[in-house]
Amino acid sequence: MKTVPEIALTAMQGDMTRMSATSSNIANALTPAYQRQVVVQRGIPGVSFSNQVDGLTTELKVQNDPRPGTLKSTSNRLDVALVSAGFFEVDTPQGPAYTRAGAFQVDARGRLVTAQGYPVMGKGGEIHLTTQTPTIDAQGAVSEGGRVVGNLKVVRFEAPQNLMRLGNGLYQGGTESMVGSVMSESQIEMRQGYLENSNVTHVHEMVQMMQTLRHFESMQRAAQSYDDMLGTAIRKLGEF
């Protein structure tokens, strides 16, 4: 049986996890294609439901909210927003990574790259351009002068909420079970000259922050009240 301080401490630790996620969401509200972080509880296998009610035998996990954000027009021909599900694949020193942030550039070698300089992968490998004004159609075909020079590789995951964050809008599968599948042209829809906004709602995050703070304070008061009561009991015992 857990004591009141142990229950309060566990609850406050959960609140700190939620506050960290909420703070990150607010800080990235204007970051293109940012997917908000959500904290979910998972029951520990082998533990009865009655023992999980107090929240002490559940695990907190930070997941991604895979819902797409709205689109904003930039008129930049190297900006691409995914309307459909999926992620662009990019090549990083740590291996393939995935992003929905389509603010692309052309590097000195003529490669289509991310803002961090990582090559954006096509279905046949890196995409090389000779201009800054290619045409990219709704299915990801990249053309220059009427000639297709590559097809953007878009990968879909069965559980995108479990992708591991790498920073800068990049994700990795993390485990062998998180292997993506390349989407066919009929499954892809994207918009050239657009970027996807983050899916963060300021009002929701502020409400979440206030609720979390109030819950943390209430647990703190509960632990303090228990300590005060225990101290009083010990002093009275000493009087006998």
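Values in this text are rule-based calculations from the coordinates and carry no lab data. Keep in mind that what you see is a predicted model, and the values were worked out from it rather than measured.
Taking all Cα-Cα distances within the stretch 51-192, those exceeding 27 Å account for 23%. Working note: Cα gyration tensor of the stretch 73-151, eigenvalues times five, square-rooted, sorted largest first, giving semi-axes of 17, 15, 12 Å. Shown here is the pair-distance distribution of the stretch 118-182: with all Cα-Cα distances grouped in 5 Å bins from zero up to the longest one, the shares run 4, 15, 21, 19, 16, 12, 9, 4, 0 percent.
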